[in-house]
Amino acid sequence: MEKYQLPPNLLPWRKEFEIKVGRLLRIVGRYLSEEEVKEVERACIYGAFAHQEQFRSSGEPYIFHPLAVALILTEVQIDKASLVGAVLHDVIEDTDIGYDEIAHEFGEEVAQIVDGVTKLTQIKFRSKEEAKAENFRKMILAMTKDLRIIMVKLADRLHNMRTLGALAAYKKRRIANETLEIYAPIAARLGMYALQVYLENLCFENIYPMRYAVLSKAIEEKYESESENLTRIKDTIYDRLVRGNILSRISTRKKHLWSIYNKLKVKGKIELVYDIFAIRVIVSTVDECYRVLGMVHQLYKPIIGGFKDYIAIPKGNGYQSLHTIVFGRNGLPVEVQIRTRDMHVIAEAGAAAHWRYKDAYEGQQNQIRTNKWLDSVTELQDSAISSVEFMEAMKANLFPKEIYLFTPKGRIIELPKGSTGIDFAYAVHTEVGNHCQAIIVDGQQVPFSQSLHNGQTVEIITEEGTRPSPKWLDYVVSARARTSILGYLSKLSSEEAYNIGERLLSLELENKGIILDDFAEKDQEVLLEELELGSKEELLISIGRGKYPMHYIINRFLVKQGLEVEMHEAPDEDEDGLEVSSDIIIGAEKMKTTLGRCCYPLPGESIIGYLSQRHGMVIHQVDCANVENYKKHEDRWIPLAWSKKARGDFPVQLTLIAKNRRGAIASVSAKVTEMNLDFGEFTSEPMSDEIVKIRFVVDVQDRKHLADIMRELRLLPMVERVSRR
């Protein structure tokens with residue numbers, strides 16, 4: 001006898017539909033009531049009829065997708081309303097059924113979840129940047145209203161990432177990049193580690209398929225070769241805990257591939273990534289966690305700097321655990337993670353653990369932390385001027401490298417690394433930040449520009465008459481502080497902003513020996529044209545509202561006056577770069593200008609300049625590794641942009657990984673010559689009997705020209721990979 005009445009289009013798929021629904025109901029039956037399970041079942045049938053005319057690009061009935069989304073959410077034992085909302089999440093968007101009908105059939109709570117997910121995709125924009133930023137803003141706003149909306153959306157994105165097979169490669173990369181930039185960081189910030197790992201590894205596989213395959217194979221081989229060592233270490237720890245009367249569950253694990261890949265980019269060698277392998281110890285109590293730590297350190301020598309106590313000071317997403325890296329058997333570095341059972345559930349599910357531990361202390365504390373973060377997000381949302389600004393602020397908010405500080409009363413304040421006392425003040429409260437008059441660190445008053453460090457006690461002295469200054473923007477790193485200051489300054493009247501801008505600029509120029517009124521009118525006009533401003537008044541108002549960094553404006557004045565800009569020797573910059581005309585870089589006119597050999601920036605790419613004594617203004621891509629290396633000299637970096645005059649040939653270093661066969665190098669050289677390209681510094685280096693690495697520098701006109709060249713080189717039969725640098 002047929003279990004369900006289905007629409008005609010689904011009859012050929014009846015058996016598979018019943019299997020998928022049956023699996024979903026069996027799992028939810030473990031934690032939902034019988035009545036709630038029946039409601040989920042009814043939603044599955046309702047969704048099947050609603051989507052009966054729709055099929056996915058793979059040819060499957062569309063209803064299989066929302067069923068898969070609901071199944072993903074059962075992993076965190078989410079509530080009934082969320083499951084029903086997941087099954088129906090595309091009904092309003094893709095069918096004639098509206099909000100009212102869903103509310104009538106399944107209640108307002110479900111309708112609001114479905115409507116919330118729908119609104120995340122129904123919007124049109126003037127540009128791709130605006131579309132991405134506004135979509136991001138809407139998603140965050142929906143999350144602050146009801147966390148279940150974003151959880152359904154995350155599960156929806158995970159299933160879409162799992163089923164990209166039928167799409168063209170460029171579409172896969174576009175979806176994967178969006179997922180990596182927006183969805184994975186949200187999952188991470190909510191502490192949903194398992195979901196984050198799935199998303200990041202799927203993105204890695206679709207954006208860099210060859211790198212993914214090579215690294216995956218290398219890690220698997222390394223894991224196999226070290227499996228005996230890992231098992232011995234695990235067994236040794238287990239035996240020691242048994243002797244200490246500690247009941248535990250111990251397992252081994254590998255760090256996920258995307259994380260390893262990112263560490264390799266920094267460390268350079270896989271041997272320097274110490275936490276590829278980990279042993280996870282799960283015990284009953286916090287006291288046992290610290291006892292286990294002592295036992296592990298008795299058994300194996302800890303690596304200096306490898307210990308982190310996330311139990312005493314949890315991560316912002318609620319994660320708690322003890323981490324220590326030790327030299328295990330035969331010198332194998334292994335990370336040991338120690339946590340309680342409840343901590344483990346929260347570590348894997350994050351904010352989603354709320355539904356499993358509603359009444360437990362751990363679940364309540366995790367929810368408090370999540371709500372606190374969501375409140376800070378709401379504050380960013382309210383103070384950000386534009387969607388693009390909000391997205392940039394949130395990126396910093398999602399993945400900060402944290403430091404932990406204390407108020408005089410012992411409250412812990414978590415801030416991004418490099419934060420100053422102004423960041424701290426705004427973290428305490430917006431009004432504390434707005435009226436910050438002095439900063440006391442460990443009993444000593446410090447400048448507003450001084451960075452704070454882990455464990456310091458910070459006191460903020462406020463004064464009612466104190467107000468934020470545009471200069472403060474040069475000192476803050478946290479998203480909350482920056483958007484709060486900009487939000488305050490944006491509300492100033494034009495007259496107030498003009499007066500602040502004039503006073504601030506005059507003071508800074510006087511320190512350099514320049515009188516603002518003496519600044520030549522023709523030079524003013526050139527500067528205003530560069531900044532796309534109509535008058536000197538507009539410039540001063542813009543400065544007063546914090547739209548331009550002071551160091552950038554001051555540098556432009558010095559250049560226009562023909563004065564020397566303070567130069568510094570750039571660390572680690574021994575090689576001469578390519579000297580180019582300063583006219584092609586906005587912000588570097590009349591200065592010696594060179595392109596950094598480390599990254600070879602191209603027109604159209606975001607750039608930043610370093611003032612070097614030997615090389616003048618050295619231009620780097622903003623994501624160049626050397627930019628991060630030089631961060632201790634942040635005052636010497638100048639934001640720059642390519643001029644519309646940027647034309648000509650620009651060098652780029654290409655690296656080819658090719659099969660080491662006779663004629664391979666000659667074929668590559670012939671192809672470059674065939675494309676009528678100027679090239680030099682041609683080198684080759686055998687990596688094995690089968691593989692050779694070929695490097696050369698080629699002149700290109702812009703990013704599009706480079707992409708065309710790389711595409712042609714990839715078509716050569718012996719070439720396996722082409723990359724920049």
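The values are calculated or read from the model by the stated rules, or taken from the named source; none is laboratory data. All figures in this text were calculated on a predicted structure; none of them were measured in a lab. As a convention, Cβ positions derive from the backbone with ideal geometry for all residues, glycine included, and neighbour counts pool all protein chains shown.
Couple of notes before you dig in:
- Ile304 satisfies every condition listed in (1) touching a residue at least 40 places away in the same chain (Cβ under 8 Å); (2) closer than 28 Å to Leu405 by Cβ; (3) out of contact with any strand residue (DSSP E or B) (no Cβ under 8 Å at 6 or more places or on another chain) except (1).
- Close pairs (6 angstrom Cβ cut-off, 6 or more residues apart or separate chains): at pLDDT below 75 in segment 259-276, part of a loop (DSSP other than H, G, I, E, B) anywhere: Lys267/Val273
- Candidates Leu241, Leu272, Leu230, Leu199 - the one that is of a type in the set (A, V, I, L, M, F, W, C) and within 19 Å of the chain's Cα centre (by Cα): Leu199
- Index of the failed condition, Ser484 passing every other in (1) more than 20 Å from Ile403 (Cα to Cα); (2) touching a strand residue (DSSP E or B) at 6+ places or on another chain (Cβ under 9 Å); (3) not β-branched (Val, Ile, Thr): (2)
- Boolean, Glu228 is within 30 Å of Glu271 (Cβ to Cβ), part of a helix (DSSP H, G or I) and free of Cβ contacts under 8 Å to residues at least 24 places away in the same chain: yes
- Any hit, segment 161-178, residues being surrounded by 18 or more Cβ atoms within 10 Å (Cβ to Cβ) and within 14 Å of the chain's Cα centre (by Cα): yes
The rows are residues; the columns are (1) outside any loop (DSSP other than H, G, I, E, B); (2) of a type outside the set (A, V, I, L, M, F, W, C); (3) assigned by the TED database to the domain that holds Asp115.
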| site | (1), (2), (3) |
| --- | --- |
| Asn160 | yes, yes, yes |
| Lys172 | yes, yes, yes |
| Ala184 | yes, no, yes |
| Leu199 | yes, no, yes |
| Ser216 | yes, yes, no |
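- Some residue of segment 253-262 being surrounded by fewer than 17 Cβ atoms within 10 Å (Cβ to Cβ), of a type in the set (A, V, I, L, M, F, W, C) and out of contact with any Gly (no Cβ under 8 Å at 6 or more places or on another chain): no
- Met210 passes every criterion in (1) among the hydrophobic types (A, V, I, L, M, F, W, C); (2) outside any helix (DSSP H, G or I); (3) in contact with an Asp or Glu (Cβ under 8 Å, 6 or more places away or on another chain) apart from (2).
- Every condition in (1) at pLDDT below 85; (2) farther than 25 Å from Val114 by Cα holds for Glu181 except the one numbered (2).
- Single residue of segment 307-324 satisfying the filter (buried (at least 22 other Cβ atoms within 10 Å of the Cβ) and closer than 12 Å to Tyr290 by Cα) that is nearest to the chain's Cα centre (by Cα): Ser321
- Annotation note: of Ala68, Ala81, Ala43, the sole residue that is in a helix (DSSP H, G or I), at negative phi and over 35 Å from the mean Cα position of the chain (by Cα) is Ala43.
- When the criteria are applied in full, Ala194 meets the requirement of being surrounded by fewer than 19 Cβ atoms within 10 Å (Cβ to Cβ), in contact (Cβ under 8 Å) with a residue 12 or more places away in the chain and farther than 24 Å from Ser57 by Cβ.
- Check on Val266, more than 16 Å from Ile338 (Cα to Cα) and assigned to a helix (DSSP H, G or I): yes
Here's the yes/no breakdown for (1) in a helix (DSSP H, G or I); (2) crowded, with 17+ Cβ neighbours inside 10 Å; (3) on the phi > 0 side of the Ramachandran plot; (4) modelled with pLDDT under 75:
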site	(1), (2), (3), (4)
Val326	no, yes, no, no
Val336	no, yes, no, no
Ala351	yes, yes, no, yes
Tyr357	no, yes, no, yes
Ala427	yes, yes, no, no
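- Residue match in segment 683-697 (condition: in contact with a Lys or Arg (Cβ under 6 Å, 6 or more places away or on another chain), in a loop (DSSP other than H, G, I, E, B) and either on the phi > 0 side of the Ramachandran plot or surrounded by fewer than 16 Cβ atoms within 10 Å (Cβ to Cβ) (or both)): yes
- The single condition among (1) in contact with a Phe, Trp or Tyr (Cβ under 8 Å, 6 or more places away or on another chain); (2) in a helix (DSSP H, G or I) that Leu486 does not meet is (1).
- Whether a residue is at pLDDT below 75 and acidic (Asp, Glu) was assessed, and Glu681 passes this test.
- Scan of segment 603-636 for residues that are modelled with pLDDT of 70 or more, more than 23 Å from Gly418 (Cβ to Cβ), surrounded by 14 or more Cβ atoms within 10 Å (Cβ to Cβ) and not aliphatic (A, V, I, L, M), ordered by number: Pro603, Glu605, Gly616
- Entry remark, segment 658-682: residues being on the phi < 0 side of the Ramachandran plot and part of a strand (DSSP E or B) number 5 in total.
- For Asn434, the criteria (1) polar (S, T, N, Q); (2) closer than 19 Å to Pro468 by Cβ; (3) at pLDDT below 60 hold in every case but one, which is (3).
- Taking (1) surrounded by 12 or more Cβ atoms within 10 Å (Cβ to Cβ); (2) at pLDDT 70 or above; (3) farther than 24 Å from Glu431 by Cα in turn, Ser535 satisfies each apart from (1).
- When Ile27, Ile78, Ile45, Ile19 are screened for being of a type in the set (Val, Ile, Thr) and without any contact (Cβ under 8 Å) to a residue 40 or more places away in the chain, only Ile19 passes.
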